[in-house]
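Working notes, structure below.
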Amino acid sequence: MKISKIDHIGIAVKDLEEALKLYRDILQLEVKGVEEVPDQKVKVAFIPVGESKVELLEPTSGDSPVAKFIEKRGEGIHHLTLRVDNLEKALEEAREAGIRLIDEKPRLGAGGAKIAFLHPKSTGGVLLELCERDG
Ligand code: CMX
């Protein structure tokens, strides 16, 4: 597969507004949009940092994967997202290499990107997200 960059690092937070006090107000980073991703039961804020972004993730429901993560492990780094040029092909290659896929097919993520997650149990304990998007 062809990976071009770290698209973003996802950080699980209990309260987005509270987290923005650090990223926006103290670190003085610019927030480039807050949106809800109903499919993933999260509200997210994207914060560009150079070529990549930080994605703050606040759960919007108790059964959100992010709510479960915070309950079990506390707030902190939740996933790493790699940008690929062709997500279908990347998933096929990962499957052939024996990696456990959480999403067998691409789903719609924040900002209209095509996304899919790989299971942390088959990727050394790191939840990896692959994403395909323009720009
Ligand atoms: N990073 C590393 N390990 C993780 C993890 C994470 N983010 N989330 C869960 N795990 C580990 C758990 O610690 C647990 O390990 P142990 O068995 O050793 O304790 C194991 O994975 C199973 O975890 P669980 O709490 O029982 O949770 P589930 O199996 O129900 O779900 C996962 C785990 C990764 C399959 C689920 O969270 C998922 O499908 N995630 C992908 C979707 C997602 O995270 N969406 C939110 C972000 C959306 C966005 O960016 O827009």
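Details
- Accessible surface, the range 39-135, averaged per residue in Å² (probe 1.4 Å): 53
- Overall, the range 3-132 carries a charge dipole of about 260 debye about its Cα centre when +1 sits on the Cβ of Lys and Arg and -1 on the Cβ of Asp and Glu, all other atoms neutral.
- Among the listed pairs Lys41/Lys121; Lys68/Lys114; Lys5/Lys72; Lys2/Lys121; Lys14/Lys89, a Cα-Cα separation exceeding 25 Å is found for Lys5/Lys72; Lys14/Lys89.
- Near Gln40, once Lys and Arg are set to +1 and Asp and Glu to -1 for all other residues with Cβ below 14 Å from its Cβ, the sum equals -3.
- Tail fraction, Cα-Cα pairs, the chain, threshold 25 Å, whole percent: 23
- Descending by average beta-carbon neighbour count within 10 Å, the peptides 102-109, 37-44 line up as 37-44, 102-109, the highest first.
- Ellipticity estimate at 222 nm from DSSP helix runs (n ≥ 4, -39,500 (n - 2.57)) divided over the chain, nearest 500: -5000 deg cm²/dmol
- Note, ³J(HN,Hα) from phi for the range 48-64, Karplus 6.51, -1.76, 1.60, rounded to Hz, x at Gly and Pro: x, 9, x, 6, 10, 9, 9, 10, 8, 10, 10, x, 9, 7, x, 9, 6
- Placing unit charges on each Cβ (+1 for Lys and Arg, -1 for Asp and Glu) gives the chain a dipole about its Cα centre, and among Ala113, Gly124, Ile9 the Cα reaching farthest toward its positive end belongs to Gly124.
- Shape of the range 58-135, Cα gyration tensor, a/c cut at 1.5: oblate
- Full-stretch length increase - Val31, Leu80 - with 0.36 nm per residue and alpha-carbon distance subtracted: 15.7 nm
The values are calculated or read from the model by the stated rules, or taken from the named source; none is laboratory data. Just so we're clear, the structure is a prediction, and the values are computed from it rather than from any experiment. FYI the Cβ positions are ideal-geometry reconstructions off the backbone, even for glycines, and counts take in every protein chain you see. Remember, those area values only see protein heavy atoms, side chains included, never the ligands or the DNA or RNA. Shrake-Rupley method; radii C 1.70, N 1.55, O 1.52, S 1.80 Å.
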